[in-house]
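Notes to accompany the following structure.
Values in this text are rule-based calculations from the coordinates and carry no lab data. This one's a predicted model, so the numbers in the text were calculated from it and none came from an experiment. Cβ sites come from the backbone with ideal geometry, for glycine too, and all protein chains shown count toward neighbours.
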Amino acid sequence: MKRVFDLSIRYKLPLWGAALVLATTISVSAMLMHDAWDEMREDTLLTAKAVAHAVTGTLADALLRDDVWRAYETLIAQGPDVGGATPFDMLMLVDRTGRVFASTRPQRAPLASELAALGDTQAALAAQIDEQAGEGTRLVDLAPSDDLHYVTPIVQDGVRLGTLIASVPRTHVLPRFRSLALHSLAGALLVLCVLLPANWFWGRYMARPLLQLSDAMSRLGRRLPAVPETEAPYRYADEIGRLFHVYHQMLRELEAREALEREIVKSERLAAVGRLAAGIAHEINNPLGGMLAAVDTLRCHAVLDPLTERTVSLLERGLAQIRETVGALLVQSRVRGDALSPRDVDDVHLLVAPRVQDKRVRLAWHDALPGAVALPANLVRQVLMNLLLNAVEATGTGGHVSCRVERSPDAVHIDVRNDGRTLDEEQMTRLFEPFSPSSSSGHGLGLWVTYQIVQQLGGRIAADRVDGLTRFRVELPVQEMAT
Amino acid sequence: MDPDRRSALSRTGAFLWSLSAAAAPPVRAAEERAPLRMGLASLVPSERPADAGAWREYLETRLARRVQWSRQANYRETMDLLKARQMDFAWVAVLPYVYLARRGYARLVATPVHAGRATDQALLVVRADDESTAGIADLHDRIFAYSDPYSLSGAVLPREALRRAGHDPDRFFRRTFYAGSDRSVLAAVAAGLADAGSVNAFAWDALVAHRPELARGVRVAWRSPEFGLAPVVAGRAASETDALALQHALVGMRDDVEGARILAAFGLDGFVVGQADWYASAAALVREANEP
């Protein structure tokens, strides 16, 4: 049973509809036919009443005057041989003593015979007649008998003179009823031929948007659809329309959440790497300090031959380089430094100038820092420096780089753009990772360090493409305006 | 005139008018004399109003008189009309004639001839499948259909036959009824409403000729002795001249093309001048039976 209910609504809806149509058609037809049957039976009773009414006077007269022939002729005129005007198979007039006075079928009901003696049915009929009070026509249905009997007392001046019995076969309405039933059936079939296909199309039509929605939602589980659904949008504002609306909303929110998750993952990854790097750096720094001190001791307290001198120098330079690299890895948040001022920005401008000239890069400089800012100068200088060097590097010979430093009430904004080599999606996502593959020169740590500094200062850094340029934006929040 | 006479006259006039309603004669400006009023008892078995109308017109032409034709529902009515002088002539059954003649209310004008004879018989008819009945005495406790209470063949004769056989006609049968006419008796027997009935041979012959399907269901079981055929009679209201004229016209019908055609339509060969002694046996029977 459950399997039936598990069917797709593209079948269920039309099936339900079809079931309803069928049930309605059948029940209405059945009711109509039942009514028709009753009507036909009622019809016969009315005919019996009409006949009785028409002949009662004549029959009363005939009974009074003992005029058998007159009664017989009257009955014959209402009988079956007059071209089917009445349905009565036999008409019989019974006198007061229960004897047959006249009958249209004398062979079955001979004159002067006792009605009760003619057979079981007739005996029962006679008993019913005796009981019958009142003047109307009454149907007497004696179940096993093939006939229905319509019994009318013939009364004149309040005196019961006799009884008229009109008999009709039980099945006499059958031909008419059969014909009516066939018509009804044909009509019903015609209606079904129209309604059932219409119902099928209606069901499909109603189911279609739900099927679309269900399909789209089941695909949600596997992957987020990258492009909004381009199938015919559902235009109406009913419940299904609301479902669609909510679905699209959900889609957007899922996309936003995925982006956020990506960001978090990225951030976590970088932070993890940062912690690892810091740990390693500390491990290296300790023996490194010792080694450098040892080298110093050698230099200071020993007389070295030229070969040893050169070797020691080599050692010293190498160790110094290691210290530099390790130092770059370790970002120390020395908040107790000087506050950032416009002079720091100018310094950075000067520092990058040689490099800019070397590569004949056109640098657009815009410094709108109004005054000192409560941010550590050395860290911000490092950030600015890294970004500019990066940009210069990326832009290639003769390229364009622009740099804006601005102040808003609650943050400092740095905007560095460069044209030239663009980064693809893959590179963009891995931009701030240490030893980034997007760096062609240097040790690939610059942006990573920058990222770490910005995170430590509680700011945001983002890289994107705009107007064909690669753009880095940094926002560093400031607590209050330094005076 | 005083109101009683006027109302009597108007009643008579109304009665006559109702009588002539079925056969209103065309008014001929030349005829100022009163029309001849003629009645037709329910004697003629075949209901052929066209033939009756033709006969009336024929008589009108031959008699140069207007003829008012009327039909009565039963013999009694015919007799009453003749007695009351509300009818001049009538073609009546034998018994009514005998009865009226005995009392001087009617005199014989002409007797029809059928199948070459001026006589008739009473026939006992039963259903064709009843092969055992040979006479009325075989019909004890059965249903019997008479035709008219004043019919010789249809009632009086069978009852007399029973009496002669030692039975009481009122108790012999299970049930009897009057069917009203010979045709109805035959229909009743054919339908099975009655087991047997009595009609006259004239009616039987007409039925066989015109309604063979009815005749098929019926068989003649017994024939009575002959008596005179139903005559045309003149009531007291008819003058001798008129009676003679009618007699002449009737007798001359067989010599006339139109007359012969009408006679044939009624199953007759012609009319002859009636002889009273042809009806003697019937008169005797009536006297014996003391009926009605």
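Among A:292-299, A:256-263, B:49-56, how do they line up from the highest to the lowest mean number of other beta-carbon atoms within 10 Å?
Order by mean packing, descending: B:49-56, A:292-299, A:256-263.
Rounded to the nearest 500, what is the 222 nm mean residue ellipticity of chain A from helices alone, with -39500 (n - 2.57) per DSSP H run of 4+ residues and division by all residues?
-19500 deg cm²/dmol, from helical runs alone.
Tell me which residues come under 5 Å, amide H to amide H, from B:Val218 once H is placed; ignore anything under 5 positions away on its chain.
B:Ala128
Out of all DSSP beta bridges with both ends in the protein assembly as shown, state the antiparallel percent to the nearest 5.
Antiparallel bridges make up about 80 percent of those DSSP assigns within the protein assembly as shown.
Grab the DSSP H runs of chain B that are 4 residues or longer, score each as -39,500 (n - 2.57), total them, divide by all residues and round the 222 nm result to the nearest 500 deg cm²/dmol.
Calculated mean residue ellipticity at 222 nm is -12000 deg cm²/dmol.
Report the net charge of residues surrounding A:Leu260, where surrounding means a beta-carbon distance below 11 angstrom and charges are Lys +1, Arg +1, Asp -1, Glu -1.
Neighbourhood net charge equals -2.
Specify whether the C-alpha gyration tensor of the protein assembly as shown places it in the rounded, prolate or oblate class, a ≥ b ≥ c being the square roots of the eigenvalues: rounded for a/c under 1.5, otherwise prolate if a/b is larger than b/c and oblate if not.
The shape class here is prolate.
How many nm is it between the label spots at A:Asp305 and A:Ala85, if each spot is 7 Å from the Cα in line with the beta carbon?
16.1
Testing the spin-label approximation: label points 7 Å from Cα along Cα→Cβ at A:Val159 and B:Asp255. State their distance in nm.
6.0
Return the average number of partner chain Cβ atoms within 10 angstrom of each residue Cβ along peptide A:102-110.
Mean inter-chain Cβ contacts per residue within 10 Å come to 3.
Among B:250-257, A:355-362, what's the highest-first ranking by average C-beta atoms within 10 angstrom per residue?
Averaged packing, sorted descending, gives the order B:250-257, A:355-362.
Over the range A:137-182, consider all pairs of different Cα atoms and compute the Kirkwood hydrodynamic radius from their mean reciprocal separation; express it in Å, one decimal.
12.4
For A:Asp66, A:Asp141, A:Asp344, what ranking results if the residue with the fewest other Cβ atoms within 10 Å of its Cβ goes first?
So the residues, fewest neighbours to most, are A:Asp141, A:Asp66, A:Asp344.
Would you kindly derive the ³J(HN,Hα) couplings of the range A:155-160 from the backbone phi angles with the Karplus curve 6.51 cos²θ - 1.76 cosθ + 1.60 (θ = phi - 60°), listing them in order in whole Hz, with x for Gly and Pro?
10, 9, 6, x, 9, 7
Could you work out the mean count of beta carbons from other protein chains within 10 Å of each residue's beta carbon in B:171-177?
Across B:171-177, the average partner-chain Cβ count within 10 Å equals 4.
Once phi is turned into θ = phi - 60°, what whole-Hz ³J(HN,Hα) does the Karplus curve with 6.51, -1.76 and 1.60 give for every residue of the range A:387-402, x standing for Gly and Pro?
Computed from phi, the couplings for the range A:387-402 are 5, 5, 4, 4, 4, 4, 4, 6, 6, x, 5, x, x, 10, 10, 10 Hz.
Please give every one of the lysines within straight-line cross-link reach of A:Lys266, meaning a C-alpha to C-alpha distance under 22 Å, and leave out same-chain neighbours fewer than 8 residues apart.
none
Once you have a ≥ b ≥ c as the square roots of the Cα gyration tensor eigenvalues for the range B:152-266, tell me rounded if a/c is under 1.5, and otherwise prolate or oblate according to whether a/b is larger than b/c.
oblate
May I ask for the net charge around A:Val412, where only other residues with Cβ less than 10 Å from the Cβ of A:Val412 are counted and Lys, Arg are +1 while Asp, Glu are -1?
Value of the local net charge: -2.
How much length is gained on full extension from A:Ala186 to A:Arg317, taking 0.36 nm per residue of separation minus their Cα-Cα distance?
36.3 nm
Take each of the peptides B:178-191, A:388-401, average the number of other beta-carbon atoms within 10 Å over its residues, and list them starting from the highest.
B:178-191, A:388-401
Restricting the count to DSSP beta bridges whose residues both fall in chain B, what percent are antiparallel, rounded to a multiple of 5?
Given both bridge residues lie in chain B, the antiparallel proportion sits at roughly 65 percent.
Which of the aspartates and glutamates could be linked to A:Lys49 by a straight reach, that is with a Cα gap under 14 Å, when you skip same-chain ones fewer than 8 residues away?
Reachable aspartates and glutamates: A:Glu135.
How much length is gained if the chain between B:Ser239 and B:Arg76 is pulled fully straight, taking 0.36 nm per residue apart and subtracting their Cα-Cα distance, in nm to one decimal?
56.4 nm
At 1.002 mPa s and 20 °C, plugging the Kirkwood radius over alpha-carbon pairs of the range A:259-308 into Stokes-Einstein gives what diffusion coefficient in µm²/s?
D = 151 µm²/s.
Considering every residue in B:136-144, what mean count of other chain Cβ atoms within 10 Å of its Cβ is obtained?
1
Please work out whether chain B counts as rounded, prolate or oblate from its C-alpha gyration tensor, where a ≥ b ≥ c are the square roots of the eigenvalues and a/c under 1.5 means rounded, while otherwise a/b larger than b/c means prolate and anything else oblate?
Here chain B falls in the prolate category.
Using a 7 Å offset from the Cα along the Cα-to-Cβ direction at both A:Trp200 and B:Glu131, what is the distance between the two label points in nm, to one decimal?
Each label point is offset 7 Å from its Cα along the Cβ direction, giving 7.2 nm.
Less than 15 Å from a label point 7 Å out along the Cα-to-Cβ axis of B:Ala264: which backbone N atoms in the range B:99-129 qualify, by residue?
Those under the cut-off are B:115.
Provide B:Val92, A:Val474 in ascending order of the number of other Cβ atoms located within 10 Å of each residue's Cβ, fewest first.
A:Val474, B:Val92
So for A:Cys193, A:Cys300, A:Cys403, fewest C-beta neighbours within 10 Å to most, what's the order?
In order of increasing Cβ crowding within 10 Å: A:Cys300, A:Cys193, A:Cys403.
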